[in-house]
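Since the structure comes first, as structure tokens, the remarks are kept for the end.
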Amino acid sequence: MNSDDMRRGIVPGVIAGYIFLAYAGPGMQDMVGGMISADSFVGFILHIIISIVIGALYTGVFMQYVNLGNPLVNIVVGGLIYGLIWWIIGGNIIMPVVAGGDVLQLSIGPSFYGHIIFGHVLAFVVVLRDAAMGMGGGDDG
């Protein structure tokens with residue numbers, strides 16, 4: 001993992017974070033902001049910052065372990081796995097711990113689908129950007 005690999009995930013993370021929030025709606029911003037007793041605008045900013053970190057971890061760490069030999073398979077399978085990982089870590093462990101809720105409820109709802117969408121959009125934007133820029137999709141580091 002190096003800083004160049006991690007920087008490659010920043011913009012895709014922002015894009016995926018916006019799309020997640022567009023899907024999940026303002027209630028998600030309220031929930032994220034509520035974790036730190038803030039309003040939905042602060043929740044929006046915090047969610048985008050979290051999305052940047054998660055995007056950087058995707059390109060800096062995760063991609064090296066999930067290279068399935070085909071960009072489309074990487075998007076479908078890798079995006080699904082990454083979205084599920086963050087649904088469990090973020091939506092079912094970190095958020096309840098910070099907000100004082102029950103950990104690992106694993107309920108299927110907007111958070112579940114939003115994280116799956118996030119993972120797929122993140123993987124898609126990374127593959128698309130790498131192809132457009134002639135990058136090796138993480139294999140060249």
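The values are calculated or read from the model by the stated rules, or taken from the named source; none is laboratory data. All values derive from a computational prediction rather than experimental measurement. Quick reminder, even Gly has a Cβ in these numbers, built from the backbone with ideal geometry, and neighbours come from all protein chains shown.
Residues that are outside any helix (DSSP H, G or I) and among the small types (Gly, Ala, Ser) within the range 93-105 comprise Gly100, Gly101, listed in sequence order. When Ile108 is tested against (1) of a type outside the set (Phe, Trp, Tyr); (2) in contact with a Lys or Arg (Cβ under 7 Å, 6 or more places away or on another chain); (3) in a loop (DSSP other than H, G, I, E, B), just one condition goes unmet, and that condition is (2). I'd like the residue in the range 14-29 that is surrounded by fewer than 16 Cβ atoms within 10 Å (Cβ to Cβ) and free of Cβ contacts under 8 Å to residues at least 24 places away in the same chain and, out of all such residues, is nearest to Leu80 (Cα to Cα). Restricting to residues being surrounded by fewer than 16 Cβ atoms within 10 Å (Cβ to Cβ) and free of Cβ contacts under 8 Å to residues at least 24 places away in the same chain, the top hit is Ala22.
Go over the candidates Gly119, Gly114, Gly90 one by one and state the one that is part of a helix (DSSP H, G or I), under 14 Å from Gly17 (Cβ atoms) and modelled with pLDDT under 95. Exactly one of Gly119, Gly114, Gly90 is part of a helix (DSSP H, G or I), under 14 Å from Gly17 (Cβ atoms) and modelled with pLDDT under 95, namely Gly90. Of the residues making up the range 58-76, those that are in contact with a Gly (Cβ under 7 Å, 6 or more places away or on another chain), crowded, with 19+ Cβ neighbours inside 10 Å and of a type outside the set (S, T, N, Q) are Tyr58, Gly60, Met63. Kindly indicate whether any position in the range 18-34 is more than 21 Å from His120 (Cβ to Cβ) and among the β-branched types (Val, Ile, Thr). For the range 18-34, residues more than 21 Å from His120 (Cβ to Cβ) and among the β-branched types (Val, Ile, Thr): absent.
Annotation: Leu84 fulfils all but one of (1) surrounded by 15 or more Cβ atoms within 10 Å (Cβ to Cβ); (2) closer than 25 Å to Gly43 by Cα; (3) aliphatic (A, V, I, L, M); the unmet one is (1).
Here Val11 fulfils each of the conditions (1) surrounded by fewer than 20 Cβ atoms within 10 Å (Cβ to Cβ); (2) more than 16 Å from Leu122 (Cβ to Cβ); (3) not charged (D, E, K, R) apart from (2). The residue list Val127, Val103 contains one member that is exposed (fewer than 15 other Cβ atoms within 10 Å of the Cβ), in contact with a helix residue (DSSP H, G or I) (Cβ under 8 Å, 6 or more places away or on another chain) and not charged (D, E, K, R), which is Val103. Against the condition within 25 Å of Gly25 (Cα to Cα) and free of Cβ contacts under 8 Å to residues at least 40 places away in the same chain, how does Leu106 come out, does it pass? Spelling it out, Leu106 is indeed within 25 Å of Gly25 (Cα to Cα) and free of Cβ contacts under 8 Å to residues at least 40 places away in the same chain.
Which residues, counting only those in the range 33-79, are in contact (Cβ under 8 Å) with a residue 60 or more places away in the chain and not in a helix (DSSP H, G or I)? Across the range 33-79, the qualifying residues are Met35, Ile36, Val61, Asn67.
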